[in-house]
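The values are calculated or read from the model by the stated rules, or taken from the named source; none is laboratory data. Not measured: the values here are computed from a predicted model. Every residue, glycine as well, gets a Cβ built from its backbone with ideal geometry; the counts of neighbours run over all protein chains shown. When the accessible area is computed, the model is the full protein with side chains, heavy atoms only, and any ligands, DNA or RNA have been set aside. Shrake-Rupley method; radii C 1.70, N 1.55, O 1.52, S 1.80 Å.
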Amino acid sequence: VTELDLPRLARALREAVDRAATILVASEPMPDGDAFSSELAVRFAIEGACGLAATRAEARSGKGPKYVAVLNERGTPDRYAFLDGASAARAPDDDDRRGGFDLGILVDGGVERCGPTVRALYEGCGVKAYFDHHHSGSRSSYDVPLVDPTRASTTELIFGLLETEAWRDVPLTRPLAEAIYTGLLSDTNSFIYSLTTPRTHQVAARLLEAGARSSLIGERVILDIDERDLRLSARVLDSLATELGGKLHVAVMTLGMLEGRAPHLVGYDKIVTPIAFVKGSKVTLLLREVEAHLWKISLRSRGEVDVAALARELDPEGGGHARAAGCTLEGPLDAVRGRATAAIARALGRAGL
Ligand SMILES: [Mn+2]
């Protein structure tokens with residue numbers, strides 16, 4: 001990873017924002033806490049720098065307010081709907097397709113992860129920016145790529161952007177601080193995971209000084225759980241199997257377990273996190289059925305196996321972090337599970353485990 005020239009990229013982004021009248025901000029179809037709060041943080045930053053226009057007609061290039069659309073193909077996750085600015089996020093519509101955007105900013109994932117409708121809108125943008133902290137992130141090229149795998153969250157990277165000369169005029173308001181804090185808290189699981197650094201805590205302190213309500217956000221983001229997800233986790237736990245001499249734990253979430261709920265509405269991270277920390281386990285594999293014969297694979301590692309590389313080996317569009325990654329596989333459960341398990345066994349062998 002080459003060192004990020006943040007001051008130069010921050011200036012390039014500021015120039016691109018100033019030149020644009022209409023700006024698309026987007027991420028995954030159903031964003032996680034960091035992805036969604038990164039979208040909100042970018043919108044608040046543009047508001048602080050240029051002001052926001054309520055309609056396309058009021059938007060101006062150069063000095064003047066920007067029309068900023070925050071688009072996720074499947075809408076806003078309930079868990080983050082309490083955040084200031086969350087109601088600005090929506091699904092793409094015909095007006096977006098007709099009007100297009102001058103500048104597109106993808107956060108916490110590239111074009112491979114944003115869904116087909118958002119991808120088409122983004123690819124139509126005159127200038128393309130991309131913020132990410134995944135070390136196996138997007139393989140596409142971008143006009144302004146702000147990628148730093150040493151950051152605990154994409155929102156921590158956005159905080160770094162706001163410290164540069166080009167963006168220093170943006171005030172750190174409470175809503176902006178809370179968006180950045182939400183990304184930090186959810187991607188580090190309350191400042192536990194290994195990407196947490198002294199800088200992460202320094203940033204968090206600045207956010208609390210700016211008024212971020214840490215206890216409220218912690219309760220909403222980390223502790224609150226949907227009762228249906230809690231009951232579902234009991235069914236997933238029933239499927240938990242130990243393989244490869246105890247080094248691998250495998251669990252399965254089938255459509256049948258969801259009792260009619262749409263798979264994208266399940267808070268699966270609340271289910272995978274406890275099973276990822278079974279003592280003695282090196283890797284955890286959760287297979288989630290999202291359509292008949294289509295499986296989302298979630299991989300978690302205790303550190304010795306790089307599961308981002310593993311996800312990419314299984315699926316060229318897969319990726320993530322060294323200790324938490326994912327991909328998509330097609331086929332009957334037994335075949336998909338066999339492929340994933342075999343790849344994990346090879347990776348354990350390479351790691352000398
Ligand atoms: Mn993230």
If you bin the C-alpha pair distances of the stretch 96-155 every 10 Å from 0, what whole percents do you get?
24, 53, 20, 2
Please list, by residue number, every one of the trypsin sites (Lys or Arg not before Pro) in the stretch 55-99 that is coil in DSSP and has at most 12 other beta-carbon atoms within 10 Å.
Lys63
Before I look further, what does the stretch 235-304 give for accessible area per residue, probe 1.4 Å, in whole square angstrom?
45 Å²
Taking every pair of distinct Cα atoms and averaging 1/r, then inverting, what Kirkwood hydrodynamic radius in Å comes out for the stretch 132-282?
17.9 Å
Where chymotrypsin sites (Phe, Trp or Tyr not before Pro) fall in DSSP loop in the stretch 79-140, at most 13 other Cβ within 10 Å
none
As straight-line cross-link partners of Lys63, the qualifying lysines (C-alpha separation under 26 Å, not fewer than 8 residues apart within one chain) are Lys128
Can you pull out the trypsin sites (Lys or Arg not before Pro) in the stretch 164-260 whose DSSP state is coil and whose Cβ has at most 11 other Cβ atoms within 10 Å?
Arg168
Kindly express, to the nearest 10 degrees and within the range 0 to 90, the angle between helix 33-50's C-alpha long axis and the longest C-alpha principal axis of the chain.
10 degrees
How many angstrom lie between the C-alpha centres of the stretch 262-315 and the stretch 184-238?
19 Å
quick note, the chain, DSSP beta bridge pairs, % antiparallel (nearest 5) is 45 percent
The chain: longest segment with zero exposed GluC sites (Glu not before Pro), where exposed means DSSP loop plus at most 10 other C-beta atoms within 10 Å, is residues 4-258
Give the cross-link partners of Lys282 among the aspartates and glutamates, using a straight C-alpha distance below 17 Å as the criterion and excluding same-chain residues fewer than 8 apart.
Glu243, Glu304, Asp306
Across every pair of different alpha-carbon atoms, what Kirkwood hydrodynamic radius in Å does the chain reach?
20.8 Å
For the chain, the percent of accessible surface on carbon and sulfur atoms (probe 1.4 angstrom, ligands and nucleic acids excluded) is 50 percent
Give me the one-decimal nm value for the distance between modelled label points at Thr150 and Glu317, 7 Å along each residue's Cα-to-Cβ direction.
3.3 nm
